[in-house]
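Dropping a structure here in structure tokens format, bear with me for questions.
Rule-based calculations on the coordinates, nothing more; no lab input. All values reported here derive from a predicted model rather than from experimental measurement. Cβ placement follows ideal geometry from the backbone for every residue including glycine, while neighbour counts extend to all protein chains displayed.
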Amino acid sequence: MKSESRLEKILASGQFALTGELGPPRGADADAVRKKARYLKGMVDAVNITDNQTAVVRMSSLAAGLIAKQEGLEPVCQMVCRDRNRIAMQSDILGAAALGVNTLLCLSGDHQKFGDHPGCKKVFDLDSIQLLSMVKAMRDEGRFQSGAEITVRPKMFIGAAANPFAEPHAFRVQRLAKKVAAGTDFIQTQCVYNMERFQTWLKQARDMGLTEKVYILAGVTPLKSLGMARYMKNNVPGMDVPKELIKRLQGVEKKDQAREGIAMCCEQIQHLREMQGLAGIHLMAIEWEHRVPEIVKQAGLLPRPEPEQA
Amino acid sequence: MIKAIIKPLEEIREMIAPYRRVLTIGCGGCVSLCIAGGQKEARSLNIKLHASQLPGSEAIFNDVTIERQCEQQFLAALDSRAGNYDAFISLACGAGVQFLAERFPHIPVFPGVNTQFVGITRDIGWYEERCKTCGDCVLGLTAGICPVTMCAKSLFNGPCGGPQDGHCEVDPDTPCAWIAIYERLQAQGRLESMNEIRPARNWQGQTPGRILVEEYRTRYVQDGDKS
């Protein structure tokens with residue numbers, strides 16, 4: 001094992017993994033994290049703690065992750081390149097590892113223009129692939145990015161994101177290959193709604209031998225309403241929501257749309273589980289943590305494996 | 001070349017309000033070509049400052065434009081008349097303003113333009129940024145399209161997950177730099193360049209830059225001088 005990560009143990013044991021997501025609060029509110037964590041406990045194998053997603057200030061991923069850990073969850077600390085240079089990143093990685101946060105997801109990050117401080121100075125000292133290389137060298141070679149030696153190595157299970165739906169489509173599997181070469185251990189994808197395109201991408205990854213080298217978890221996000229579906233389709237960059245899904249929600253009364261959205265999500269999960277080369281699901285129930293137990297149960301993903309068994 | 005835009009008149013008026021004899025100094029270099037700080041703009045600013053004076057004001061506004069404010073020899077042309085003024089407005093880029101202030105340290109110098117970027121002239125009055133002067137050019141690897149400048153996240157290893165219809169997620173009017181790089185490399189038959197990992201770079205420009213061209217080095221640096 002490369003780390004003490006519960007996610008790594010479950011993936012390495014060959015079991016179909018399930019990760020969730022928890023968005024930290026916009027305040028120094030530990031109870032808000034605890035409340036969300038309790039919905040997720042026992043429902044997912046690990047939970048991503050977002051890092052100021054959409055460039056809106058929230059409690060830090062590491063702090064919220066530690067609170068989630070105290071509640072018995074396995075946090076996946078997200079780290080974006082937007083806000084920190086390599087000194088701050090490495091410092092936080094050492095801190096995370098010292099506090100027992102063993103899983104790190106390396107991201108470029110949403111541009112600050114989308115957030116609540118659009119006039120801030122962007123950092124992007126590294127990009128996500130350079131960040132992956134740095135974390136891997138810290139763990140495997142005991143070296144900082146500068147080359148200097150690390151006294152106690154941060155034993156991180158390293159993750160990255162992939163978007164099979166973004167342009168240029170032909171390059172997307174190559175970008176995955178770059179992330180694998182840079183040192184990622186697992187991948188969580190952008191929300192999958194277009195099954196056909198996802199299957200094409202996954203097949204390309206299989207054909208290149210990438211699914212043998214990296215665990216791929218397919219991202220799914222339940223659509224809470226027709227409004228959300230339209231928003232995802234039209235306003236979220238890099239999101240591919242087919243017309244058929246919109247039509248299906250249009251055919252349902254407003255009060256029943258959430259239920260229909262969950263049903264669609266469970267069908268997507270079933271469909272994905274049958275795909276060769278997929279190691280798990282990353283369930284992003286955005287500000288819907290309390291509905292996760294229902295979704296996970298309905299999708300037939302319970303019970304979750306215990307770490308002892310893993 | 002360097003591109004700039006003139007500051008709002010109100011901001012300039014506020015800066016020079018305490019001064020009675022003000023000289024507006026245009027620059028015949030870059031800022032003149034982007035119609036922000038040349039002779040015409042210096043004259044035009046002066047007319048506006050003069051016209052917007054309160055009745056009874058005794059302020060004097062003059063203007064002069066020199067070849068380039070980033071060169072000593074041209075600044076020297078101001079030596080004989082500098083003493084006639086309480087303040088300067090420089091319409092040069094930030095470098096020119098500073099060089100002017102360095103030559104006349106006793107005279108307050110105020111910037112009349114906001115320096116924007118190093119860019120190109122698409123057409124008259126239409127300028128676009130192209131270079132962040134990052135100090136370590138990678139254009140040879142990226143088909144002549146700068147990822148530091150043209151990618152909103154300055155990524156080095158290909159496009160992020162956000163482009164929409166070929167455009168940057170940050171600005172729908174801006175083409176995604178990495179899609180453009182991809183397509184041009186593909187057309188040139190050297191797409192494999194994008195599959196290689198570009199390592200973290202050593203950013204330059206973190207302390208004030210200085211160039212001593214090797215052939216001229218002995219002219220400025222004495223033997224035994226560390227620089």
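Looking at region B:2-117, what % of its DSSP beta bridges pair antiparallel, to the nearest 5?
Within region B:2-117, antiparallel bridges account for around 20 percent of the total.
Round to the nearest 10 and give me the degree value, 0 to 90, for the angle of helix A:195-207's Cα axis relative to the longest principal axis of chain A.
Helix A:195-207 sits roughly 40 degrees off the main axis of chain A.
For chain A, state the semi-axes of the equivalent ellipsoid (square roots of 5 times the eigenvalues of the alpha-carbon gyration tensor), sorted largest first and rounded to whole angstrom.
The three semi-axes for chain A are 29, 22, 21 Å.
What size of dipole, in debye to the nearest 20, comes out for region A:6-298 about its Cα centre when the only charges are +1 on Lys and Arg C-beta atoms and -1 on Asp and Glu C-beta atoms?
220 debye
Follow-up. So what is the diffusion coefficient of chain B in µm² per second by Stokes-Einstein at 20 °C and 1.002 mPa s, using a Kirkwood Rh over Cα pairs?
The diffusion coefficient I find is 104 µm²/s.
Here is a further query. Which one, B:LEU155, B:GLN188, B:PRO175, is farthest towards the positive end of the dipole of region B:133-227 when Lys and Arg carry +1 and Asp and Glu -1 on their Cβ?
Among B:LEU155, B:GLN188, B:PRO175, the one farthest towards the positive end of the dipole of region B:133-227 is B:LEU155.
Further question: So for the pair A:LYS213, B:LYS40, with labels modelled 7 Å out along Cα→Cβ, what separation do we get in nm?
5.8 nm
Report, in degrees rounded to the nearest 10, the 0 to 90 angle that the Cα long axis of helix B:94-103 makes with the longest principal axis of chain B.
Once rounded, one gets 40 degrees.
Between the alpha-carbon centers of region A:196-255 and region A:145-166, tell me the distance in whole angstrom.
Taking the Cα centre of region A:145-166 as reference, the centre of region A:196-255 is 27 Å away.
Restricting to bridges with both residues inside region A:1-152, how much of the DSSP beta-bridge set is antiparallel, in percent to the nearest 5?
So the antiparallel bridges amount to about 10 percent of the total.
Can you order the peptides B:11-18, A:63-70, A:136-143, A:105-112 by their average number of other Cβ atoms within 10 Å per residue, highest first?
Highest-to-lowest ranking by the protection proxy: A:105-112, A:63-70, A:136-143, B:11-18.
Quick one: compute a quarter of the convex hull surface over the Cα atoms of region A:95-153 and quote it in nm².
5.1 nm²
Taking the protein assembly as shown on its own, what percent of its Cα-Cα pair distances exceed 40 Å?
38 percent
Moving to a separate point now. Mind pulling the per residue volume of the convex hull built on the Cα atoms of region B:2-117? Å³ is fine.
81 Å³
Now for a separate question. Once you put a point 7 Å from the Cα of A:ALA148 and another 7 Å from the Cα of B:THR207, both along the Cβ direction, what distance in nm separates them?
1.7 nm
Please report, in whole Å, how far the alpha carbons of region B:133-227 spread along each principal axis, starting with the longest.
Ordered largest first, region B:133-227 gives principal extents of 59, 29, 22 Å.
What ³J(HN,Hα) values, in whole Hz, does the Karplus curve 6.51 cos²θ - 1.76 cosθ + 1.60 give for region B:26-32 when θ = phi - 60°, with x put for Gly and Pro?
Each residue's phi maps through the Karplus curve to give x, 10, x, x, 3, 5, 6 Hz.
If you put +1 on each Lys and Arg Cβ and -1 on each Asp and Glu Cβ, how big is the dipole of region A:149-189 around its Cα centre, in Debye rounded to 20?
In debye, rounded to 20, region A:149-189 gives about 40.
Give me the inter-chain shielding for A:237-247: mean count of other chain Cβ atoms within 10 Å, whole number please.
Taking all residues of A:237-247 together, the mean is 2.
Would you grab the residues whose amide H sits under 5 Å from the one on B:LYS7? Only those 5+ places off in sequence or on another chain, please, with H modelled 1.01 Å from N.
Under 5 Å from the amide H of B:LYS7 lie the amide H atoms of B:VAL113, B:ASN114, each far enough along the sequence or on another chain.
In addition: At a Cα cut-off below 28 Å, give the lysines reachable from A:LYS136, other chains included and same-chain residues fewer than 8 away excluded.
A:LYS2, A:LYS9, A:LYS69, A:LYS121, A:LYS122, A:LYS155, A:LYS178, A:LYS179, A:LYS203, A:LYS213, B:LYS153
Take every DSSP beta bridge with both residues inside chain A and express the antiparallel ones as a percent of the total, to the nearest 5.
Close to 5 percent.
Count charges around B:GLY26 for me, please; just the other residues with Cβ under 15 Å from its Cβ, Lys/Arg as +1, Asp/Glu as -1.
In short, +2.
Let me ask something additional. Other chains near A:119-130: what is the mean number of their Cβ atoms within 10 Å of each residue's Cβ?
5
From other protein chains only, count the Cβ atoms within 10 Å of every residue's Cβ in B:191-203, then give the mean.
Rounded to a whole number, the mean comes out at 4.
Oh, and also: With an 8 Å Cα cut-off and a minimum separation of 6 or more residues, compute the relative contact order for region B:7-123 in percent.
31 percent
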